[in-house]
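Every read-out reported here was derived from the displayed coordinates using simple, explicitly stated rules and does not represent laboratory data. What you are looking at is a predicted structure, and each value in this text was computed from that prediction instead of being measured. Neighbour counts are summed over all protein chains in view; Cβ atoms, including those assigned to glycine, are modelled from backbone coordinates with ideal geometry.
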Amino acid sequence: MTFHQAIWDEPLIFEKKGKRTVRLPDEDIEYKTSIPDSLKRDMLNIPENEEHEVLRHYVRLSQMNYGVDINTYPLGSCTMKFNPKIADELASMDQVRYIHPYQDEDTVQGALQIMYELQESLKKITYMDGFTLQPVAGADGEFTGLLIVRAFHEDRKDFKRKEIIVPDSAHGTNPASSTMAGFTTIEIPSNEQGMVDLNALESALSEKTAAFMITNPNTLGIFEENIEKIANLVHSHGALLYYDGANLNGIMGKTAPGKMGFDIVHVNLHKTFATPHGGGGPGAGPVGVKSHLIDFLPVPVIKFDGKKYHLDYNLGKSIGKVAMFYGNFGVLARAWAYIKLMGGNGLREATERAVLNTNYLRKKLQGYYDLPYKELRKHEVVFSGVNLKKYGVRTLDVAKRMLDYGVHAPTIYFPLIVEEALMIEPTETESRESLDRLAEIMIKIADEAQKNPELLKEAPKNTPVGRIDEVEANRNPILSYKMIKK
Amino acid sequence: MSDYEEMMNFLGIKNIDELFSDIPESVKINGIDLPEGMDENSLRIEMRKILGRNRSFFEMPIFMGAGVYFHYIPSAVFSILSRSEFYTAYTPYQPEISQGMLQTLFEYQSYIAELTGLPAVNASMYDAPTSLGEAARMAYNINGKKEVIIPKNIQWEKKSVLLNYVKGLDMKIVEYDYDKKTGGIDFESLKSKINDNTSMVYAEIPNFFGVIDENVTKIRELGNFIFTVGVNPISLGILKAPVDYGADIVIGEGQILGNPASFGGPLLGIFATKMEYIRKMPGRIIGMSRDHSGRRAFVMTLQTREQHIRRAKATSNICSNEALVAVASAAYLSVLGKSGLKRVAEININRANSTLEKIKSIKGYRSPHSGLHFNEFVISLPDKEINVHKKLLSKNIHGGYMINTMTRNSFPELGESMLFNVTEMHSSDDINKLLEALKEVVP
C-alpha cells in the first residue's frame, strides 16, 4: 500500500516566460477596423508560452490530481463509477462537437435522436411520463423541479403554498434550491431509524406546503420503507412529492420514483449514468414529471412524429428556460451511450452489484467504526468516527490518512445527522479486490488511531502539499494572480 | 465460487434480492423495459450511423452564433483535457490530493481577472444566462433593491433564465430601448428607467446584435446601482477591461475560449466581481494559501457562502459547475498567450465587418444597424417568399440565425432577418461561397 503523488514545483502559468508558437488562421491579414479610443484596450497581462511548455505545465498539474481512473473514489452521494471510454469517443466526434443548437433540424437529426432516445430511456427507468434534458446539473434540476412545483400551484390559483419540507438528512442543495425558487424551507427531524418521521411530516404538512423533497434511498443509504404512506400523506395535503435522484443508483430496476408515488424527479447523469465529473462539472440533471406536470416543462421539448425529430416551443404553461440551450449535450450523449451499453438488465445488475458492494464493505468495517442506524443499506453506508475520538482523532484525520494510502476519502461530515460522519459509496464498478483493499486501509487506520494517532493527525504526507490553512485562505482571500502581484 | 457468490456468502445471503427486502412489495418493479446492452463494437457502429444524420461545421460552413460559437481550438487543448486525472475527478473536496485541478482553476480565475480587470472570479457558472441570473440575485443581496434594468435587445433565452432566477425574490425586470439606427444603447431610454429602486443595470458589449457601443462606458455615471456588464471574452483581447468603466460584476459566455459548440452545451458562465462583494458571490471559488509547512497550496475557499454549509441561506444552490470547461479555457488562453488572443480578436472584428460590408453591397440585403460590430451582425433579408435560409442550405451553406422565427425572440421591427457570425474558423473560401450564394438566391 505504497503511494506517492507526483510532486512538481510547478509555478503558475503567469510566472513562466516564453513565446507563443501556435499559429492562427490567416494571421497575416491586415487589421483594419478601428475601435473608438474610449473602448480600446491599453494593457493585457496574459503570459506567452510555447505550446509544448503549456502542455508540460498542465500534464504535470494533472499528475498532481486524482481521478476515478487512478483508484477507488468512494465519495458518498457522488457515485464515482467507471466512465466508459466509448462514451468519450462518441462525445469527441465532429458531429457532436461541431454542431450548432440552432442548426436547421434537418441537419441535426442525429443529435435530436440521441436526446429523444435518452429521454425515453429515462422515462422507463424512473416511471415518469415526461422529461426535460435542459438542466445542466443536479442542483439546476432541483431548481427546475421547484419552478414546476410553483407554476403548478399558481396555475391552480393556489398562491398560499410557499413551503418546501425536507428531512434533516437532505443534501444541502435541496434547501438552497428551494430558497432560489422563492420558497421557505421547513426541515423535519429523522426518526431513530434514520428515516422520515411520519408524525413530524404530518405536523409540518399544511395548506401552505408546496412539496416534500426527499431522496430514496436517503443519504444514510437507507430505503424509506414508508414511502407509500409518505406519498399518500403528502398528496392528501395537496402537495407534490419531489425525488432527488442523487441516489438513484441504489434502486434501478428494483423500484422507481414513479412507482413510489413521486410527481417530479431529477436524475444526475454524472452519477448514475457514468458521465465523467470533470473535476467539478459539467454534469447534467434532467427532470422527469408525471403527466399532470408535463405542460410546465421548460421549452423546447423534443418530439418525434415517427419520421422526424423536432424541437417544440409551443408549451403554453412552460416555465421557460433554465439554461441557454437544450442542456449539456456532450454529457447527454455520453449518458445515452452508457445506457446503450448497459441495457435494461445491465442497469438492474449495476444496482444489485452496487448494493452488494456497499453491504460487503459495511460488514467488513463494522466493529472498527461505529455504524449508527440499521445494517441493510443500499448504494452507500454512513459510518461514524465517534469511537476514535477517545484517541484524539477525528473523521477529518481518517480522511487525510486515507489519501496517504492512495485512495480518495469518503464524503465526510455529511449527512449532518451523523456525528463525525464517513459516507462511503463504493459503486458497482469496484472489484472485490479493491473493496478488500479499501477495507484493509480503513481498518489499518482505525488501528493506527489507537496506537499512533500522530500518523493520522500529520497526514497526508504522500501528497504534494500537506494540510492547508483554510482559515487563512478565508481571512485573506487571494483569488487571482492579479492579487498576488499587489 | 465466484467473487459475487463469496460476497453473498460473507453477508449470509443466498439471493441478491435479500438485499432489497426493505423495498415494499407494492412498489417493487421487475427490471427495466429496455433492450439488452450492446457490445462496444456494435455501439460504435450504431453511433456513427446516427451521427451520420448530423451535418457538422466541417461538412458545411455554419454562420451562426447567437450564444454559442465556432472558434479554432488548438489541438493541445483537447490533449490537456484528455488527461483522465482531470476529467475523471470529482469536485476537489480533498485539496491535498487535488492540487492540479485547484491550481488550474486558480489560473482560470486569474485569466478572467486579467481580462475583466475584476480580481474576484469564481470557478465557473453553468452559462452566461445563469451568470446573469446570479448577478441579479447578488445585486439584491447587496443593495436590497428590486428592479433589474436590461436591454430590450437581449436574447429571449437569456431573459427567460433571468426571469426564473429572480422569481424567488420578486424582482422586477425593466427593459430599456435600443437605438434602432445603430443597434446600440438608447441612452435616453436607459436614463429614464433608472430610479431609487434600481438594483442593477445590465449592458452587453457586444450586444445580441453584435454591436459594440461606446455608451456602455457612460452608464456608471448614471447612479449608484450594481453595474453588470456582459462580455465576449475574446473581444477583451482588444477592448477595454470593464473595470475601467466602472463595472461591479462582469459575466459572459466562456465557451468560446477553447470549447466546441457541442449543440449548445457544455457552456461556461464567467462571473467576476470586486473584492468587496466576495461574501455575496455565488459558486465555488479557489483561493491560494499555504500548507502547514509553508508550501504554496490551493483550496476551495469562502465555502460558508455555499449550499453544503449554509443550506437555505446559501448565496446560490450551485454545486456541480463547469470546471472542466474552465480548464479548457485556461489551457486555450495559455496556448494563445497575449498576442494570440489579441490576434484572434482582430481577425474576428475585421473579418465580420468586411463580410458585413460585402453582404450590404449585394442587391436585396440591408444592414439595419450602423454601429460597429464585433463578430456578429444583423442582415435584413429580401422577400420572405425567397426563403434565403433554405436556399443556402440547399447549397450546403448554413446561414445565420433567423432572429424572429426560431425560439421565442420577437423583434418585429427587424422583420425577416438573419444574425450572421463570422470568426477565424470561417475561411475566405467559406465567406466567398456565402457571398456568391446570397447573390444567386435573389432573382
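Figures for the structure shown
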{"item": "Positive-end residue of B:141, B:332, B:321, charge dipole of chain B with Cβ unit charges", "result": "B:141"}
{"item": "For the stretch A:86-341: relative contact order, % (alpha-carbon pairs under 8 angstrom, 6 or more apart)", "result": "29 percent"}
{"item": "Inverse mean reciprocal Cα-Cα distance (Kirkwood Rh) of chain A, Å", "result": "24.9 Å"}
{"item": "For B:125-134, mean number of other protein chain Cβ atoms within 10 Å", "result": "4"}
{"item": "C-alpha long axis of helix B:128-143 to longest principal axis of chain B, angle in °", "result": "90 degrees"}
{"item": "Inter-part distance where the stretch A:419-486 and the stretch B:219-252 are each reduced to a Cα centre, Å", "result": "40 Å"}
{"item": "Proximal lysines to residue B:49, defined as alpha-carbon separation beneath 26 angstrom and excluding residues fewer than eight positions away on the same chain", "result": "A:85, A:123, A:124, A:303, A:307, A:308, A:340, B:390, B:395"}
{"item": "Chain B: angle of helix B:40-51 to the longest principal axis, Cα-based, in degrees nearest 10", "result": "20 degrees"}
{"item": "For q = 0.13, 0.14, 0.30 Å⁻¹, Debye-computed log10 I/I(0) when each Cα of the stretch A:310-359 counts as one equal scatterer", "result": "-0.57, -0.63, -1.09"}
{"item": "Value of D in µm² per second that Stokes-Einstein yields for the stretch B:212-270, Kirkwood Rh from Cα pairs, at 10 °C (1.306 mPa s)", "result": "125 µm²/s"}
{"item": "Long-range tail of P(r) for the stretch A:147-243 (Cα pairs > 17 Å, %)", "result": "45 percent"}
{"item": "Subset of A:16/B:338; B:280/B:342; A:208/B:159; A:290/A:374 violating a 24 Å alpha-carbon distance limit", "result": "B:280/B:342; A:208/B:159; A:290/A:374"}
{"item": "Listed residues B:438, B:404, B:414: farthest to the positive end of the dipole of the stretch B:385-443 (Cβ charges)", "result": "B:404"}
{"item": "Efficiency of FRET between residue A:375 and residue A:440 - r from beta-carbon atoms, R0 25 angstrom, step 0.05", "result": "0.75"}
{"item": "As computed over the protein assembly as shown, the Cα convex hull volume per residue (Å³)", "result": "154 Å³"}
{"item": "Exposure proxy ranking, count of Cβ atoms within 10 Å, fewest first, for A:297, B:132", "result": "A:297, B:132"}
{"item": "Per-bin percent of Cα-Cα distances, the stretch A:1-73 [10 Å]", "result": "14, 28, 27, 18, 10, 4, 0"}
{"item": "Packing-based exposure ordering (other Cβ within 10 Å, fewest first) of A:112, A:311, A:332", "result": "A:311, A:112, A:332"}
{"item": "For chain B, alpha-carbon Rg relative to the globular expectation (2.2 N^0.38 Å, N residues)", "result": "1.12"}
{"item": "Averaged over B:15-25, number of beta-carbon atoms from partner chains that fall within 10 Å", "result": "6"}
{"item": "Residue-averaged [θ]222 nm for chain A, counting only DSSP H segments that reach four residues, each worth -39500 (n - 2.57)", "result": "-11000 deg cm²/dmol"}
{"item": "Average partner coverage of A:69-81, which counts Cβ from other chains inside 10 Å", "result": "2"}
{"item": "Mean separation of Cα contacts under 8 Å, 6 or more apart, over the residue count of chain A: relative contact order %", "result": "20 percent"}
{"item": "Cα radius of gyration and Dmax for the stretch B:262-371 (Å)", "result": "21.4, 72"}
{"item": "Trypsin sites (Lys or Arg not before Pro) restricted to the stretch A:27-118 and DSSP loop, no more than 16 other C-beta within 10 Å", "result": "A:32"}
{"item": "Loop trypsin sites (Lys or Arg not before Pro), the stretch B:335-368 (other Cβ atoms within 10 Å of the site Cβ: 10 or fewer; DSSP)", "result": "B:363"}
{"item": "Simple spin-label estimate for residue B:290 and residue A:159 in nanometres, 7 Å along Cα-Cβ", "result": "5.8 nm"}
{"item": "Cross-link pairs B:391/B:433; B:158/B:360; B:145/B:180 - those with Cα-Cα distance over 20 Å", "result": "B:158/B:360; B:145/B:180"}
{"item": "Cβ-Cβ FRET estimate between residue B:2 and residue A:82, R0 fixed at 22 Å, reported to 0.05", "result": "0.65"}
{"item": "Simple label model, 7 Å out from Cα along Cβ direction - residue B:189 to residue A:26, nm", "result": "3.3 nm"}
{"item": "Rounded tilt (10° steps) of B:99-116 against the dominant C-alpha axis of chain B", "result": "20 degrees"}
{"item": "About the Cα centre, charge dipole magnitude for the stretch B:337-441 (Lys/Arg +1, Asp/Glu -1 at Cβ), debye", "result": "120 debye"}
